[in-house]
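Shown below is the structure under consideration.
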Amino acid sequence: MGLIILIVTGALMGWLGSIALKIEDGRAILRNVLAGIAGSLVVGIATSGGVFLGAIRAGTLLWATLGAVVVVGLYNVVRERVLR
């Protein structure tokens, strides 16, 4: 159950990042969602001690949310620099 929560949290943060950055390209939105999922999974698994199939703690969820936000932000900064 914890794995599903981490995936949903990451997808939600990626989607909200797309809204905040006013991105309307479907592929860019999908990339943001995938970046959010990756950040949430990596940080969530790291902070839960590798146990993510059972219940998830509130602290792990907060760290996973922060990880998703950071990865989405870094992705968009790198994407902007490459496009210039």
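Using a ≥ b ≥ c from the Cα gyration tensor of region 39-84 (square roots of the eigenvalues), is it rounded, prolate or oblate, where a/c under 1.5 gives rounded and otherwise the larger of a/b and b/c decides, a/b for prolate? Don't jump to the answer; show the numbers that get you there.
Numbers: a/c = 4.82, a/b = 3.20, b/c = 1.50.
The shape class here is prolate.
Taking R0 as 41 Å, what FRET efficiency do you get between Ala28 and Leu53 from their Cβ-Cβ distance, rounded to the nearest 0.05? Let's see the in-between values first.
Details: r = 32 Å, r/R0 = 0.78.
FRET efficiency, Ala28 to Leu53: 0.80.
Using the Cα centre as the reference, give the magnitude of the dipole from point charges on the C-beta atoms of the chain (Lys, Arg: +1; Asp, Glu: -1; all else neutral), rounded to the nearest 20 debye. Could the numbers behind the result be given before it?
On the way: 7 positive and 3 negative charges, 34 e Å.
So the magnitude is around 160 debye.
Further question: Where the accessible area of region 20-84 is counted over protein heavy atoms with a 1.4 Å probe, how much of it, in %, is carbon and sulfur?
C and S fraction of accessible area: 71 percent.
Got a sec? Charge dipole of the chain, +1 on Cβ for Lys and Arg, -1 for Asp and Glu; which of Trp15, Val82, Val43 is way out at the positive end?
The one lying farthest along the dipole's positive direction is Val82.
Another one. Kirkwood Rh, the chain, all Cα pairs: how many Å? Provide the component values of the computation, followed by the final result.
Numbers: mean 1/r = 0.0794 Å⁻¹.
The Cα-based Kirkwood calculation yields 12.6 Å.
At Ala20 and Arg79, where each label point lies 7 Å from the Cα along Cα→Cβ, what is the point-to-point distance in nanometres?
Inter-label distance under the simple model: 1.4 nm.
I've got another one for you. Roughly how many Å² is the accessible area per residue of the chain, as a whole number, for a 1.4 Å probe?
On the way: 5360 Å² over 84 residues.
Value for the chain: 64 Å² per residue.
The values are calculated or read from the model by the stated rules, or taken from the named source; none is laboratory data. Note that the coordinates shown come from a computational prediction; the quantities given were computed from them, not determined experimentally. All Cβ positions, glycine included, derive from the backbone under ideal geometry; neighbour counts span all protein chains shown. When the accessible area is computed, the model is the full protein with side chains, heavy atoms only, and any ligands, DNA or RNA have been set aside. Shrake-Rupley method; radii C 1.70, N 1.55, O 1.52, S 1.80 Å.
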